[in-house]
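Notes follow once the structure below has been shown.
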Amino acid sequence: MVQQTDEIVAIPPQRVRYFGKQGKMLLPSPATLATLIAQVPTHKLITTDLLRKKLTVQFEVEGTCPITTKNSLRFLANSTDPEIAYWRVIQQNGGLISFYPGGVNAHAARLQSEGFTINTGGKLLRVDRYTDSLFRFA
C-alpha cells in the first residue's frame, strides 16, 4: 500500500541503527516526492539519498523512511502523469533504477534522450559522471 499522505512517526527500535539516532521519521507521500522532483530541471539529476535528506530537513525530523520513499517513487513512475520526470531520480551511486517502467533499459533511454551518457561496463548500469549533474535544492 502506498502512503497517500505524509506521516511523521517514531523511528522504530529496529531502525535506530540505520538512522543513527532515535526520534521521528517521515513517511513521504507520492505528492510530496512529485513536488521535489518537479524542481529538478532538464539535464540535472537527483539521487534517492538527496531526496530523503531534503525531506528530512524540510519536515524537521531525524530521517526519511527509505522504504516508503521507494514505494512512493515507484507509484509516481507508474502513474499516468507525464509531467513527473521520475527518470531524473537515480540511485545514490549513480545506478539506474530497475523498478521504473521498462526497467533499467528504459530508464537509460530516458536519460540518454536528455543527453546523459550511460556506463554499461560492469554489473550495474550507471550514469557516467553523474555527480557533475546533481541538482542541489536551495
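Every number in this text was worked out from the coordinates using simple rules, so none of it is lab data. Predicted, not measured: the structure shown is a model, and the values here were computed from it. A quick note on method: Cβ atoms are made from the backbone with ideal geometry, for glycine too, and the neighbour counts reach across all protein chains shown.
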Spin-label model distance (nm) - Ser113 vs Lys70, 7 Å beyond Cα toward Cβ: 2.7
DSSP bridge pairs, the chain: antiparallel proportion in percent, nearest 5: 60
Of the GluC sites (Glu not before Pro) in the range 1-90, those whose Cβ has at most 14 other Cβ within 10 Å and which sit in DSSP loop: Glu60, Glu83
Phi to ³J(HN,Hα) by Karplus 6.51 cos²θ - 1.76 cosθ + 1.60 over the range 100-115, Hz, x for Gly, Pro: 5, x, x, x, 5, 5, 5, 4, 4, 4, 4, 5, 4, 5, 9, x
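Exposure proxy check: Ser113, Ser133, Ser98 ranked by fewest other beta carbons within 10 Å?
Ser113, Ser98, Ser133
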Cα-based helix-to-principal-axis angle, 66-77 vs the chain, degrees rounded to 10: 50
Karplus (6.51, -1.76, 1.60) ³J(HN,Hα), θ = phi - 60°, over the range 117-130, in Hz, Gly and Pro reported as x: 9, 9, 7, 9, x, x, 6, 10, 6, 9, 7, 5, 6, 4
Sparsely packed trypsin sites (Lys or Arg not before Pro) within the range 48-138, loop by DSSP, other Cβ within 10 Å at most 12: Lys123, Arg129, Arg136
Max mean-square fluctuation residue, GNM over the chain, Cα-Cα springs under 10 Å, options Thr56, Thr35, Thr48: Thr35
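Sum up the charges of everything whose Cβ sits under 13 Å from the Cβ of Leu76, counting Lys and Arg as +1 and Asp and Glu as -1, but leave Leu76 out. Numbers along the way, then the final one.
Working: positive: Lys70, Arg74, Arg88; negative: Asp81, Glu83.
Cβ neighbours under 13 Å give a net charge of +1.
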Choice from Asp81, Asp128, Asp49 with maximal GNM fluctuation in the chain (Cα, 10 Å cutoff): Asp81
Derived scalar couplings ³J(HN,Hα) [the range 54-60; Karplus, 6.51 cos²θ - 1.76 cosθ + 1.60; whole Hz; x for Gly, Pro]: 4, 5, 4, 5, 4, 9, 6
